[in-house]
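Everything on this sheet refers to the single structure shown next.
The values are calculated or read from the model by the stated rules, or taken from the named source; none is laboratory data. Bear in mind that the values here come from a model prediction, so they are computed numbers and not experimental data. Methodologically, a virtual Cβ is constructed for each residue, glycine included, from the backbone with ideal geometry; neighbour enumeration extends over all protein chains shown.
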Amino acid sequence: MLMPKKTKYRKVQRGTMKGRSKGARSIAFGEYGLQAVEPGWLSAQQIEAVRVTMSRKLKKIGKLFLRVFPDKPITKKPAETRMGKGKGPVDKWVSVVKRERIICEVSGLGEQEARKVLRQASYKLPMKTRFVKKSDFDES
C-alpha cells in the first residue's frame, strides 16, 4: 500500500474539504483524465484498486498517471473501548480530494478507449467523477 516514508507528525486532525482543489485542476501529463466532482477521502486501498484496474485495461498500449498520494493518517480506536484515554492508533492513510481535482490521467489511447478505462476506474472511487480532456483546459 502507498504511505509516506516519514511524516512530521504521527497523527493529524480531520480538517475540512470545502472549496475547490488548490492544485492539480488541469491535465498535465496525459490526454484524458478523471476529475472529482465532489470532495472526499481516497484511501490507499482505493488508489491501489484504481491503479490495478487501469493497468489491466491499458495493458502495454497506454500510460497511466496517478495524481493523488495518501499522506494523511486516519486513526481509529478499537471496538468496545471506553471514551477518553487519547487518540487511537493510525488505521489507514488517505488522500484528501477536493472538488475539481484531477485524480488520474491516461495517454496513448483514443477517446473511446480512454472513456472505457476511466469509467472502470471511477467505479472504484467513493466520489462522483467526470471525464475530462486536455483540450477542455487549453481553451480557457
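Listed values, structure above:
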{"read-out": "Qualifying strands (runs of 3 or more DSSP E) (wholly inside the range 23-140; at least 2 residues being among the polar types (S, T, N, Q) and either touching a Gly at 6+ places or on another chain (Cβ under 6 Å) or in contact (Cβ under 8 Å) with a residue 12 or more places away in the chain (or both))", "value": "none"}
{"read-out": "Residue within the range 83-95 that is within 16 Å of Met3 (Cα to Cα) and among the small types (Gly, Ala, Ser) present", "value": "yes"}
{"read-out": "The range 1-19, subset among the basic types (Lys, Arg) and surrounded by fewer than 11 Cβ atoms within 10 Å (Cβ to Cβ), residue farthest from Pro73 (Cα to Cα)", "value": "Lys18"}
{"read-out": "Qualifying residue in the range 50-68 (condition: on the phi > 0 side of the Ramachandran plot and crowded, with 16+ Cβ neighbours inside 10 Å)", "value": "no"}
{"read-out": "Where a residue in the range 1-22 is closer than 20 Å to Lys87 by Cβ and its partner, wherever it lies, is of a type in the set (Ser, Thr, Tyr), with Cβ under 7 Å and at least six apart", "value": "Lys11/Thr75"}
{"read-out": "Within the range 108-135, tally of residues that are touching a strand residue (DSSP E or B) at 6+ places or on another chain (Cβ under 9 Å), surrounded by fewer than 17 Cβ atoms within 10 Å (Cβ to Cβ) and under 20 Å from Thr53 (Cβ atoms)", "value": "9"}
{"read-out": "Subset tally (residues that are over 14 Å from the mean Cα position of the chain (by Cα), among the hydrophobic types (A, V, I, L, M, F, W, C) and modelled with pLDDT of 95 or more) for the range 1-59", "value": "1"}
{"read-out": "Residues of the range 11-66 satisfying the condition of being of a type in the set (S, T, N, Q), within 19 Å of Val117 (Cα to Cα) and out of contact with any Phe, Trp or Tyr (no Cβ under 9 Å at 6 or more places or on another chain)", "value": "Gln45, Gln46, Ser55"}
{"read-out": "Test result for Val94, at pLDDT 95 or above, β-branched (Val, Ile, Thr) and under 30 Å from Lys134 (Cα atoms)", "value": "yes"}
{"read-out": "Selection within the range 77-117 - farther than 27 Å from Lys57 by Cβ, in contact with a Pro (Cβ under 9 Å, 6 or more places away or on another chain) and of a type in the set (S, T, N, Q)", "value": "none"}
